[in-house]
Structures are given as C-alpha cells and as structure tokens.
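First the structure, in the form of structure tokens, and then the observations on it.
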Amino acid sequence: MVSDFFYPNMGGVESHIFQLSQCLLEKGHKVIVVTHSYDDRIGIRYMTNYLKVYYLPIVPFYNQSILPTIIGSLPYLRKIFLTEKVDIVHGHSAFSSLAHEALFVASLLDIPAVFTDHSLFGFSDASAIVTNAFLRYSLANASHTICVSHTGKENTVLRSGVSAENVSVISNAVDAVKFRPKYCNRRTTPSDENKLVDANKTKLLDENELHDGKQTKVLNTEKLSKIDDTQLIGVAVDKETKLLDVNDDEETKLLDVNDDEETKLIDVNKLSNVKRHVPNNDASHKSCTDSRNCTDRPSILYNNSIVTSENTRKIFNKRTVTIVIGSRLVYRKGIDLIPGLLPVLCDQGIKVGGRTIKVNFIIAGDGPKRIIIEEVIEKHKLQKRVKMLGELKHSDMRDKLLVKGDIFLNTSLTEAFCMAIVEAVACGLTVVSTGVGGIPEVLPPRFIYLVQPNLDSILKGIYQAIEDLVGGRRPSAGECNRFVRSAYCWRNVAGRTENVYNTIKTRQTPTLAKKVRNLWECGPMAGPMMAMIYLACNYVILFLNWFSPLN
C-alpha cells in the first residue's frame, strides 16, 4: 500500500488503507505500507497486528504530498519492493505523488500494480489539469484501477483514458461496531451476534463494561431472543431523552440514557401523558403466548395515541432537533452555504404539528471557511445555538459529534464517495445531503434526503427530515446500523480487492517495448517525453541492480 496520506494524518484515504490492510492481514497476506515522513516519524514503525509501515525520509511539499520527481523516491521504492519481495503494489489517491511514483517504479520492476482513485476531478482548472496528466501516465502501465463509485469510475475513465473494462468499482466501508447508536455498546451491537452473552435476557447496554466511562445498569426481559431486535421509543421528559421499552408485557419502563450520573430505570406511570392501554378482549390477550407477535397485547398510550410494534420508532414530544456537520471547512465541501442556513433555522425554528421545534447546530472541522461561520454566529448572536468543535480526530467523531445529533447535514459540491454520511447512518442519524457525484449511489432513499446544492433546496430537505423525524417516519437507529453493517463491511471490501489481486497476478507481464509504447501514445508532446524518462529510469534500475544487488 503506497500513498502520501497515512497515519498520523487523518482522513478517508488514511482510514481506507489501514482498514483494508488489517482485513488483508486477517486473510493471511503480508501487507506493508509506504508513505513519507511525518515530523519525527522516519524509518520503520509497526501498527496493529504488526502492520509494517515505512516512513520514507522525504519531506512533503504541498498539502501533505511530496514533490513529484520520480528519481527522488526510486532508490527507496526499489529497495523496499525487492527486499520485501512485493508481489503487488497498490497506490491510493490521485492527489498522492508518491502513489504515482510507486506505480511507475512497479512497472519498471515488472510488479503488477493497482491504483484506487478516491476522488472526483474536473477538467478545466489548473489543479485538475496537472493531476489528470499525472494520472494518465501513471495508469498507462497499471494492471488495474479501482474506483469507489460508478460516478468515480466514469470520471476516472474520462480523465485517464484507460479502458472501462480495466476499472472496477469497490466502495468504501465503515466499522459498524465503532460507529453505533448511542444506546448500543460493543457488547450488544448487531455485528457481535455470534458473541451474545445470555441473549435471551440481556436487552440493552453494558453487562460487564462501562458505558461512556460510567457504570450502567442492564434492563432484562424474557421476551427477546436477539439484542438487535429491541424496539425503542424516544420520549423527551424534563429535557432528557428517554428510551421507552414497549416489548415487555408485564411492565413498562423508561431507560434514561442521558443521565450524567448513571443509567437508571424510571417507572412510566410517573409520566402523566404516557399510560398503558389494555384491549377489551382480555381473553384473547391471555391466550396469546408470543408477546412479540400478539396484536391484542396491552399497548402504550401517549397523548391518547396507541403505540404498536409498527410505530415504535416514533420520537415523542421532541422539542429540540440537533443538526451536526462534520467536514473540512473548505469551498469544495459547500461550506459557503452554511452561513445562510444558520439564521433561518436557529432564529425561526420549524413548526410541526402545531408546535415549534427548535434547531441547534454542532459543527466539527477546520479550514479557511471557518471564519465566515463564526462571523454569522457573532452577527446573529447564535453562540448558544451553534457549537463549534474545531477539528476532531476520527476516533472522536462518534462520541463528540455524531451521537449528539439527530440529523447529519452534508453540503458537498463534489464527492466520489462520502464516508461521513455512512458513519452518520451507522450511528442512527437522519442524513440530508447534496446529491452530487457518487452520493446518490451510497444510501437508499429511506436513509437519506437528497437535495440540490443551493439554499432553498437544503432548507426544504431539512424541513422534511425534521417533520418525518418528529412524526416517527424514520428508520430506527438499530435498523440503520444493521443496514450499514450488511452493506458496507471491510471484510467484503478486502475480499473483492483480493479477487482483483488474484486476477492481475495471472496476466502476462508486458514487454518493455509495450510499456514504452503505452506512454508514447499518451500525448503528442508529453507522451514521447515520458517514454524517454521511462527508458532513462529503466537504465537507472539496471545500474542499481549491478551496483547494489538485492536478493
């Protein structure tokens, strides 16, 4: 795995490389990562499961990428590839100069090479023109290309000129155990079904672990067979969100998960607007032995509305909705649209069902556009309604941002595959996102509201999301997490990537003349120049093989 972007730098490419490497190690492959130096990180480091990382003594030039020289990294890459007996070189990100050079060197050493393109690019601006030129020459002799979305595949084929048959689509993935709804823990998440402890009794939260650093209690019931089938209802009482257990026929409790001291059970009878409803046909209820499928069992009445198994996702009496934003605060992420949203939503609120829903914002991220958001907050005195968290580590995104919100807002102007919205859905949030790039491919309509990248469309999407959220027409948090777990699994990504590796290893290695010809045909002027550079580098490789042979 070769890229300029790797830990300790944080981002989607870094996470992708690490997670893919871990899954390939799990399958029994040997994986090494090659990147440039980060501060004092120079040399060889080992990460989880003995993942070997080479931090080359090359200083980044711009935006964490090295200066593209080819010759500068050639001796390092040659020695690493030959010493480690590398069978396949896998470069990541079109922004990474080191990845392009690794594909170049791998071709010189007759090593099959794969490239994963994580981004979308235009064709007219200076940055895109330079990047597309590098991509065209890098992929001229690459064995295969992987894109994270079908939109990204079309974009890459147009930019690089490679055959569409030589490009595969393998999406990103999310760790649904790490990104889970607030009331779930690692012990009781759907992905741990094969590790359930006393699954017939344990319903929620920790059994032997701490939740959010504090001891929690367990709510048991004899009626449940699987933890992930628990149905919950959120009830706002005294400004605290409660979880209402509607699966227990003998008693109904509220589980308070927002108490700062400890998680506790509250008797539902203490709430005047929540009570039990028993059907008139008591005999039919007593004869029903399956409490989860019985239609005549006692129900819960809230404001004179019967709560059944079909509407257990309803969020009752929701007075405040929190919208969270987690993104780099740059133009490409559509941050210029945020200042127009804040005064409208925070000052006026949204009327739903005869009551006004207040809207708060939590914004995480940093960048040059942060100042325009802070100016709007100061101008409209929204300090109590909008909270700026600054840049967060990826490991803190769930606990410090996602689980504190109800709606995740993404205003990107271009995206190949937006990992953030998948992580938000895994945590049970409703997503409102601009439908640009590959985003429409990521989530089905029931989990996302797609809008246009303009103020009116985004406001309309947020209004609709809040109405559905308050009206109980959104999927439950557990259902969201189960969808992400099944649709976006890193083991599936690793398996499909492994199939690509096995395919290219069986192909015949092209001759030197064919490789030179591929570069020559890349352009009328730059093509012949790159072909001559390729031949010169080939002679450098021959000299190094003679001067410093490696077994």
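Among the residues of segment 392-418, which ones are assigned to a helix (DSSP H, G or I) and buried (at least 23 other Cβ atoms within 10 Å of the Cβ)? Spell out how you get there, then give the answer.
Kept after step one, since they are assigned to a helix (DSSP H, G or I), are these residues of segment 392-418: 394-400, 402-404.
The answer is LEU402, and nothing else.
Please find, within segment 316-341, the residue that is nearest to ILE363 (Cα to Cα) out of those that are at pLDDT below 90 and in contact with a helix residue (DSSP H, G or I) (Cβ under 6 Å, 6 or more places away or on another chain).
Top of the filtered list is SER327.
Please enumerate the residues belonging to segment 154-168 that are surrounded by fewer than 23 Cβ atoms within 10 Å (Cβ to Cβ) and touching a helix residue (DSSP H, G or I) at 6+ places or on another chain (Cβ under 7 Å).
Hits for segment 154-168 are VAL157, ARG159, GLY161, VAL162, ALA164, VAL167, SER168.
Can you find even one residue in segment 50-68 that is in contact (Cβ under 8 Å) with a residue 40 or more places away in the chain and among the polar types (S, T, N, Q)?
Yes, there is a match, as at least one residue in segment 50-68 is in contact (Cβ under 8 Å) with a residue 40 or more places away in the chain and among the polar types (S, T, N, Q).
Can you tell me which residues in segment 153-166 are over 15 Å from HIS100 (Cβ atoms) and in contact with a Leu (Cβ under 6 Å, 6 or more places away or on another chain)?
Hit for segment 153-166 is ASN155, nothing else.
One line per residue, one yes/no per condition, for (1) crowded, with 16+ Cβ neighbours inside 10 Å; (2) assigned by TED's automatic domain parsing to the domain that holds LYS515:
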| site | (1), (2) |
| --- | --- |
| MET1 | yes, no |
| ILE17 | yes, yes |
| LEU25 | yes, yes |
| THR48 | no, yes |
| LEU51 | yes, yes |
| LEU74 | yes, yes |
| LYS85 | no, yes |
| ILE88 | yes, yes |
| ASP110 | no, yes |
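Do you know which residues across segment 507-520 are part of a loop (DSSP other than H, G, I, E, B) and in contact (Cβ under 8 Å) with a residue 12 or more places away in the chain?
ARG507, THR509, PRO510, listed by residue number.
Filter segment 1-52 down to residues that are in contact with a helix residue (DSSP H, G or I) (Cβ under 9 Å, 6 or more places away or on another chain) and among the β-branched types (Val, Ile, Thr) and give me whichever is nearest to THR116 (Cα to Cα).
VAL2
The values are calculated or read from the model by the stated rules, or taken from the named source; none is laboratory data. Computed from a predicted model, the values in this text were never measured in an experiment. Cβ coordinates were reconstructed from backbone atoms using ideal geometry, including for glycine residues, and neighbour counts include every protein chain displayed.
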